[in-house]
Amino acid sequence: MAAAAAATAAGSIGPTAAPVAEEGPSGEAAPAAAPPPQAPAVSAAPRLSRLPLARVKALVKADPDVTLAGQEAIFILARAAELFVETIARDAYFSAQQGKRKTLQRKDLDNAIEAVDEFAFLEGTLD
């Protein structure tokens, strides 16, 4: 029995280990369970930013006042832009829902800009 426990422990070390046959109550080898289905392997690490960092860097470098921009700064700017777009889109979507619509319209963005004080700097930019 100790050998079966050791074999089981050794067989479950990693997710790619082959299933080990265990002894049943009558001393016979029980059929090994099929390995659990795994998600498709992703070739790269999950993206931390949904915006392409090369595009964000190009936009930053388009400013004549910027001479150097580090990767961390580019990442933080990309993440801030994502959060900004997400927030204003969510507020505009709530405005569209109040109008019983699913499609965002310009007036929904206008309503979101007027409703949230943090968006006051955008007033008049869509005109």
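When GLU72 is tested against (1) open to solvent by 90 Å² or more (accessible area, probe 1.4 Å); (2) touching a helix residue (DSSP H, G or I) at 6+ places or on another chain (Cβ under 9 Å), only condition (2) is not met. Here is a check on your reading of the model: is SER95 of a type in the set (Gly, Ala, Ser) and in a loop (DSSP other than H, G, I, E, B)? Spelling it out, it is not the case that SER95 is of a type in the set (Gly, Ala, Ser) and in a loop (DSSP other than H, G, I, E, B). Here ALA89 fulfils each of the conditions (1) in contact (Cβ under 8 Å) with a residue 12 or more places away in the chain; (2) more than 20 Å from ASP127 (Cα to Cα) apart from (2).
Tell me, yes or no, whether region 80-88 has at least one residue that is open to solvent by less than 80 Å² (accessible area, probe 1.4 Å), in contact with a Lys or Arg (Cβ under 8 Å, 6 or more places away or on another chain) and of a type in the set (Asp, Glu). Yes, some residue in region 80-88 is open to solvent by less than 80 Å² (accessible area, probe 1.4 Å), in contact with a Lys or Arg (Cβ under 8 Å, 6 or more places away or on another chain) and of a type in the set (Asp, Glu). Could you list, in sequence order, all residues of region 104-127 that are assigned to a loop (DSSP other than H, G, I, E, B) and within 27 Å of SER49 (Cβ to Cβ)? Hits for region 104-127 are LEU104, VAL116, THR125, LEU126.
The values are calculated or read from the model by the stated rules, or taken from the named source; none is laboratory data. These numbers were taken from a predicted model, which means no experiment stands behind them. Heads up, the Cβs are rebuilt from the backbone with ideal geometry, glycines too, and the neighbour counts pull from every protein chain shown. These accessible areas exclude ligands, DNA and RNA; they are computed on the full protein's heavy atoms, side chains included. Shrake-Rupley method; radii C 1.70, N 1.55, O 1.52, S 1.80 Å.
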